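Participant: Mind having a look at this structure? Questions to follow.
The values are calculated or read from the model by the stated rules, or taken from the named source; none is laboratory data. As the structure is a prediction and not an experimental result, all values here were calculated from the model. No Cβ is skipped: glycine too gets one built from the backbone with ideal geometry, and neighbour counts run over all protein chains shown. We work out accessible area using only protein heavy atoms, side chains counted, and drop any ligands, DNA or RNA first. Shrake-Rupley method; radii C 1.70, N 1.55, O 1.52, S 1.80 Å.
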Amino acid sequence: MSAPPGPAGSDSAAVATPVEKKAVGPARETLHYAVRNPKLLIGFTVVALLLALGLFGPPLLDTTDPNAYGGPQAAPPDSTYWMGTTTFGQDVYAQFVHGLRATFLVGAVGGAIAAVVAMLVGFFAGYRGGVLDELLTMVTNVVLVIPALAVLLIINAYLGVRSVPVQGVFIGLTSWPWAARAIRAQTFTLRTREFVDLARLSGSGTWRIVFREIAPNMSSYLFMMFILLFGGSVLIASSLDFIGLGPTGGVSLGLMLQSAQQWSALQLGMWWWFVPPGAGITAIVGALYVANVGLDEVFNPKLRES
Amino acid sequence: MARARRGTSTGAPLRRYFARKLLVYALTFVVAVTVNWMIPRFMPGDPVASMVSRARVSQPEAAEAMHAYYNNLFGFDEPVWQQYLHFWSALLQGDFGLSVWVFPTPVSDVLLDALPYTLGLMIPAVLLSWIVGNWAGALAARRKVLDNTVLPAGYLLTAMPYMWIAVILAWALGSKAGWFPISGGYSLDIQPSWTLDFALDLAHHWVLPFLSLFLVALGGWAIGMRNMIIYELESDYSSYLSALGAPQRLIRRYAFRNAVLPQVTGLALQLGVLVAGALVTEIVFAYPGLGSLILAAIQNQDFFLLQGAFLFIVIGVLIANFVIDVVYVLVDPRTRTGMAGGQS
């Protein structure tokens, strides 16, 4: 379920574009374009600011428990409670900065695991070909067709105690197929290149060729894919939290939305309860997507605006 | 690349293409059923005991009967392979077990009641967002001004969680403006019937959930189409055509045709996400479809209903994927030339 709508198109475009980083030039040139790309800068700045808020926000608060009851009930934002309070007098801002942590954690864990699985499956299917490819492609297609959320729903419903890292692991294990397919296609185009042939002639093993020759040549692509998987994990986690299958005893942006919904914030007109968490998720995921487009322009000379 | 394409079109690809797809679908179904069967057996805890206690059946005989029924259905006393086979044979007879939440009703009946609402929401949302998104993306690729508005709006929409845009719409257009009802599939004071009044009421309740699904999906299609068109316009055949002096309109038409194909594949890839979106959107609006049922199943620990819903969703996605495969063959000229005997 994880292919965020962006990559469906950009993914196939990237697959078809040659990824000869060696031909583009040294890393300095990439950096030169990177610091001049507004999309990349804006995207990463927004993500960095929110990450900083998640990291340094909680220690700066008076309380350590974001769910603590106290303060006025259902108060709109003011100078003491920047994002207002919930029906129970919980500080929405405290919940928000704590929730950002859960969001980044689930994105990092889910994105990393999905990227590792996708790379293993994609590289070996694409490089080895033959029966192994048939088999791995079949597995990929099977997992691709089963909606990840449906699997996560039943697994999560049975698990008693839930935590953010566990949620991330499950999301990672179900959201890799589209990325594996894309990597496989990329590997296909690289495996017949001269430098790979040369490595094979010089007696390098599959493992070594894949990780020394092929992977470095698509490192920019892999990085972009990780970003999309990260954003996808954040969105899936927020859906699970919203359904009531989020981490138990914690706080996350998705859980905030769930409790706002559960306690009729909408009917009561308490917009400050449900606007910040959703805006936080949208800002993180949106900024990642925009940064991704920026990266594409940096790595791919064809897309650069003159 | 071109050689490879011609190669595949000269064989007898169509039958092989569908044989392969059907194999994947059959395998997927087997895997899904197996996962469904495995989970209550390999997860910690005693699902039967917890289900019986959750059902809050007052008479001890009824609780006893339920316990026996579940144990019998799960067949925990039988060898594992037999349990597995029984699960399959029951399933193939359409037996999904009984719902705990609405006790004596079969799960399949509960699901079939909810299905029309989910389909009525999803099918128009998926198709219209795809069509409008591709159209907007293609326009954006052509005009710089449009591009500067479509692209940021597209990224914003794709990055929004489904339930959040649903909540925002319900708040703005429902609570504040009061144009649309924000919960339920129809008003509580009318009975479902084949009358115009009911149909209008149904449509009125349908607008907001539809709109939220439509909007989130829209952005992704627009961006995808824009990127593909730009990529196609930079490709060799486009430069060749313009070097020959072909009119821009013709080049764009070719670019559009080539760009639409990956979008059809993208639709198949996105189905899982769209199903997830429909489920959480239904929960926001308390829309009486599968999503609301799943929520009720989770809250009431009705694992039969949950598992039944899971299988329903998988079957639905498989059918939708198959339809997309057929459409793909119809719109992809390469598979069509293969079908006609392959002249190229």
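Participant: What total accessible surface area, summed over both chains, is buried at the interface between chains A and B, computed with a 1.4 Å probe and given in Å² to the nearest 100?
Facilitator: Chains A and B together bury roughly 5200 Å² of accessible area.
Participant: May I pose another question? May I ask you to find the residues of the range B:152-168 that are shielded by at least 30 Å² of accessible area once the whole protein assembly is considered instead of their isolated chain (probe 1.4 Å)?
Facilitator: Output list: B:Tyr155, B:Thr158, B:Ala159, B:Pro161, B:Met163, B:Trp164, B:Val167.
Participant: Okay, moving on. Tell me which aspartates and glutamates have Cα within less than 15 Å of B:Lys144's Cα, excluding those fewer than 8 residues away on the same chain?
Facilitator: A:Glu305
Participant: Still on this structure, I have one more. Filter the DSSP H helices in chain B by two things, a Kyte-Doolittle mean of at least 1.6 and an axial alpha-carbon span of 20 angstrom or more, and list the hits by number.
Facilitator: Numbers: long enough: B:13-42 (42 Å, 0.76); B:60-74 (21 Å, -0.38); B:107-142 (51 Å, 1.22); B:144-159 (23 Å, 0.72); B:196-233 (51 Å, 1.16); B:248-284 (47 Å, 0.85); B:303-331 (41 Å, 2.46).
Helices meeting the span and hydropathy rule in chain B are B:303-331.
Participant: Whose amide H sits under 5 Å from the amide H of B:Thr105, counting only residues 5 or more places off or on another chain, with H placed in the peptide plane?
Facilitator: Here the answer is B:Ser99, since their amide H atoms fall under 5 Å of that of B:Thr105.
Participant: Dividing the alpha-carbon Rg of the protein assembly as shown by 2.2 N^0.38 Å yields what?
Facilitator: My calculation over the Cα atoms of the protein assembly as shown gives 1.00.
Participant: For the range A:196-253 and the range B:128-207, what is the centre-to-centre distance using only Cα atoms, to the nearest Å?
Facilitator: 33 Å
Participant: Still on this structure, I have one more. Taking the solvent-accessible surface of protein heavy atoms with a 1.4 Å probe, what is the per residue accessible area of the range A:58-156 in Å²?
Facilitator: Working: 3970 Å² over 99 residues.
Roughly 40 Å² per residue, with all protein chains present.
Participant: Oh, and also: When chain A is treated as a GNM, springs tying every alpha-carbon pair under 10 Å, which of A:Ile155, A:Ile42, A:Ile183 comes out with the largest mean-square fluctuation?
Facilitator: Largest GNM mean-square fluctuation: A:Ile155.
Participant: So how far apart, in nm, are the two label points at B:Tyr17 and B:Arg249 if each is 7 Å from Cα heading toward Cβ?
Facilitator: Going by the 7 Å Cα→Cβ label model, 3.1 nm.
Participant: Sticking with this one: At 7 Å along Cα-to-Cβ for each site, give me the label-to-label distance between B:Ile315 and A:Phe211 in nm.
Facilitator: 4.5 nm
Participant: Quick one: which bits of the range B:268-314 get at least 30 Å² less accessible when the partner protein chains are in, versus the chain alone, with a 1.4 Å probe?
Facilitator: Those are B:Leu269, B:Gln270, B:Gly272, B:Val273, B:Ala276, B:Val280, B:Ile283, B:Val284, B:Ile298, B:Phe303, B:Leu306, B:Phe310, which lose 30 Å² or more relative to the chain on its own.
Participant: Could you provide, to the nearest whole Å², the per residue accessible area of chain B with probe 1.4 Å?
Facilitator: Result: 49 Å² per residue.
Participant: Using a cut-off of 12 Å between alpha-carbon atoms, which aspartates and glutamates can reach B:Lys21, once sequence neighbours fewer than 8 places away in the same chain are excluded?
Facilitator: Excluding near neighbours in sequence, the set is B:Asp325.
Participant: May I ask you to derive the FRET efficiency for B:Ser242 and A:Leu31 from their Cβ-Cβ distance with R0 = 45 Å, giving the value to the nearest 0.05?
Facilitator: The formula returns an efficiency of 0.85 here.
Participant: Helix A:92-128: angle to the longest alpha-carbon principal axis of chain A, degrees 0 to 90, nearest 10?
Facilitator: Approximately 20 degrees, to the nearest 10.
Participant: Follow-up question, since we're still on this one. Top mean-square fluctuation among B:Asn148, B:Asn321, B:Asn300, Gaussian network model of chain B, C-alpha springs under 10 Å?
Facilitator: Looking only at B:Asn148, B:Asn321, B:Asn300, the largest GNM fluctuation is found for B:Asn148.
Participant: Return the loop-located trypsin sites (Lys or Arg not before Pro) in the range B:139-171 (DSSP other than H, G, I, E, B) with at most 13 other Cβ atoms within 10 Å of their own Cβ; answer none if there are none.
Facilitator: Answer in residue order: B:Arg143.
Participant: What order, most packed first, do the peptides B:18-26, A:163-171 have when packing is the mean number of other Cβ atoms within 10 Å of each residue?
Facilitator: Averaged packing, sorted descending, gives the order A:163-171, B:18-26.
Participant: Compute the length gained on full extension between B:Val260 and B:Val207: take 0.36 nm times their separation in residues and subtract their Cα-Cα distance, giving the result in nm to one decimal. Intermediate values should be presented prior to the final figure.
Facilitator: On the way: separation 53, 0.36 × 53 = 19.08 nm, distance 2.80 nm.
Extra length available between B:Val260 and B:Val207 comes to 16.3 nm.
Participant: Exposed loop sites here are GluC sites (Glu not before Pro) in DSSP loop states with at most 15 other C-beta atoms within 10 Å. What is the longest stretch of chain A lacking them?
Facilitator: A:21-304
Participant: Using 1/(1 + (r/R0)^6) with R0 = 41 angstrom and r between the beta carbons of B:Ala286 and B:Ala26, what's the FRET efficiency to the nearest 0.05? Provide the component values of the computation, followed by the final result.
Facilitator: On the way: r = 36 Å, r/R0 = 0.89.
Calculated value: 0.65.
Participant: Percent of accessible area on chain B owned by carbon and sulfur, 1.4 Å probe? Don't skip to the end; give the middle numbers.
Facilitator: On the way: 11160 of 16810 Å².
It is 66 percent, rounded to a whole number.
Participant: Roll a 1.4 angstrom probe over the protein heavy atoms and tell me the percent of accessible area of the range A:26-128 that is carbon or sulfur.
Facilitator: Here it works out to 69 percent.
Participant: Taking Cα atoms of chain A, Rg/Rh with Kirkwood Rh, to two decimals?
Facilitator: Values: Rg = 21.8 Å, Rh = 20.9 Å.
Rg/Rh: 1.04.
Participant: Using a 1.4 Å probe on the protein heavy atoms, what percent of the accessible area of the range A:131-270 belongs to carbon and sulfur?
Facilitator: Ligands and nucleic acids excluded, carbon and sulfur reach 65 percent.
Participant: Also, I was wondering about something else. When Cβ neighbours within 10 Å are restricted to other protein chains, what is their mean count per residue of peptide B:172-182?
Facilitator: Mean partner-chain Cβ count within 10 Å for B:172-182: 1.
Participant: Then there's this: Provide a whole-number value for the mean count of partner chain Cβ atoms within 10 Å of the Cβ atoms in peptide A:281-290.
Facilitator: Going residue by residue through A:281-290 and averaging, the value is 5.
Participant: Any idea what the relative contact order of chain B is, in percent, if you count C-alpha pairs under 8 Å spaced at least 6 apart? Working shown, then result.
Facilitator: Values: 367 pairs, mean separation 96.8, N = 344.
Value for chain B: 28 percent.
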